[in-house]
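Novice: This is the structure, below, for whatever I ask next.
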Amino acid sequence: MRVKMMQPLKKTVRYVPEESKDKVISDEDVLGTLLKVFQALFINDFNKQSDILTMLPETVKSKYHDLLSVQHPRVKLLEYRHQQQNIFKPEEILYKTLGFSVARATSSLISAGKGVFVTRGLVPKGAVVAMYPGTVYQKYEPIFFQSIGNPFIFRCLDGVLVDGNDKGISKVVYRSCNGRDRLGPLKMSDSTWLTSEICNPLAVGQYVNNCSNDRAANVCYQEFDVPAVFPIELKQYLPNIAYSCDKQSPLRCVILVALRDIKQGEELFSNYYTIVS
Ligand SMILES: C[S@@+](CC[C@H](N)C(=O)[O-])C[C@H]1O[C@@H](n2cnc3c(N)ncnc32)[C@H](O)[C@@H]1O
């Protein structure tokens, strides 16, 4: 599969070498990483999750109870919910969970706007380093107005598009879909990547700049379809939402995988024209 930035939509088919078509890491590894990070964010947010917890089955509640008592042996669940001092910033949770954090900052390239940097720790080769947030459009769904002058549209080979623009009509559409799919207190996706207070610190992948002759790609895109077994209480951290509520197809996410070890202070660079499926 491949990716293409459009300004507006162009239908260019690009060559992807046969040896590059395999996924860099398995779907199981992607799922494992997302669950690890999202579960840590959920536990860190526990004092805000009481409405959601009441809707979950006893087995799930007791799982979180057990996880909390391992991390905070002397604190009871109810007391924990009222404690503010244990709350870490999302990027600290990412660092504690995966050993690195990433964030947006002015690109090291002249006139390239913002980029994404490793702000702390080391990203090991093969790690999920970021997610590409945005509204997911099937190839037959209307995106003409959102695509005008929009460099944040990402295309998969099967024609699925992800609009990661955090401004204008794209932002309005994402917020509207996010409100539509909410089930009471249960959110089916995260919309905080549209603000400066990001809840899922991985959701910065749309700001990764393109590689060049001087700056080789150190990350690549990979598709990930969210499986039916994905825990409902963790969907609030998924930075993608379907434009139409079509229950048939799984939610498409796009993640960025490290192609080599990436050190603290390095900027991430991808190849805008290639994605592996
Ligand atoms: C998806 S956006 C990436 C985020 C962008 N840097 C920003 O701050 O909004 C793609 C745009 O970033 C800029 N860009 C990406 N890679 C670049 C590069 N290697 N050199 C110069 N500009 C680049 C181009 O303006 C491109 O249209």
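Novice: Over the Cα atoms of region 84-125, each weighted equally, I'd like the Debye log10 I(q)/I(0) at q = 0.16, 0.24 Å⁻¹, rounded to two decimals.
Specialist: Debye intensities relative to I(0), on a log10 scale: -0.51, -0.81.
Novice: What span do the alpha-carbon atoms of region 114-213 cover on each of the three principal axes, reported in whole Å from largest to smallest?
Specialist: 38, 37, 24
Novice: Could you list the residues of region 174-212 with an amide nitrogen less than 11 Å from a label point located 7 Å from the Cα of residue 60 in the Cα-to-C-beta direction?
Specialist: 186-187
Novice: Further question: With a bin width of 5 angstrom, please list the P(r) values of region 215-277 as percents of all Cα-Cα pairs, from the 0 bin to the one holding the largest distance.
Specialist: In whole percents, the pair-distance histogram is 3, 14, 21, 19, 15, 14, 10, 3, 1.
Novice: Mind checking which of 152, 100, 88 has the largest fluctuation in a GNM of the chain, springs on alpha carbons under 10 Å?
Specialist: Highest fluctuation of the listed residues: 88.
Novice: Still on this structure, please answer the following. At 7 Å along Cα-to-Cβ for each site, give me the label-to-label distance between residue 50 and residue 182 in nm.
Specialist: 1.9
Novice: How large is the accessible surface per residue of the chain, computed with a 1.4 Å probe and reported in Å² as a whole number?
Specialist: Working: 13620 Å² over 277 residues.
Normalised by residue count, the accessible surface of the chain is 49 Å².
Novice: So what is Rg over Rh here for the chain, counting just Cα atoms and using Kirkwood for Rh? Numbers along the way, then the final one.
Specialist: Numbers: Rg = 18.8 Å, Rh = 19.4 Å.
Here Rg/Rh amounts to 0.97.
The values are calculated or read from the model by the stated rules, or taken from the named source; none is laboratory data. Fair warning: this is a prediction, and the values are worked out from it, not measured in the lab. With ideal geometry, Cβ positions are generated from the backbone for all residues, glycine too; neighbour counts draw on all protein chains shown. Protein only, heavy atoms only, side chains kept; ligands, DNA and RNA dropped before computing areas. Shrake-Rupley method; radii C 1.70, N 1.55, O 1.52, S 1.80 Å.
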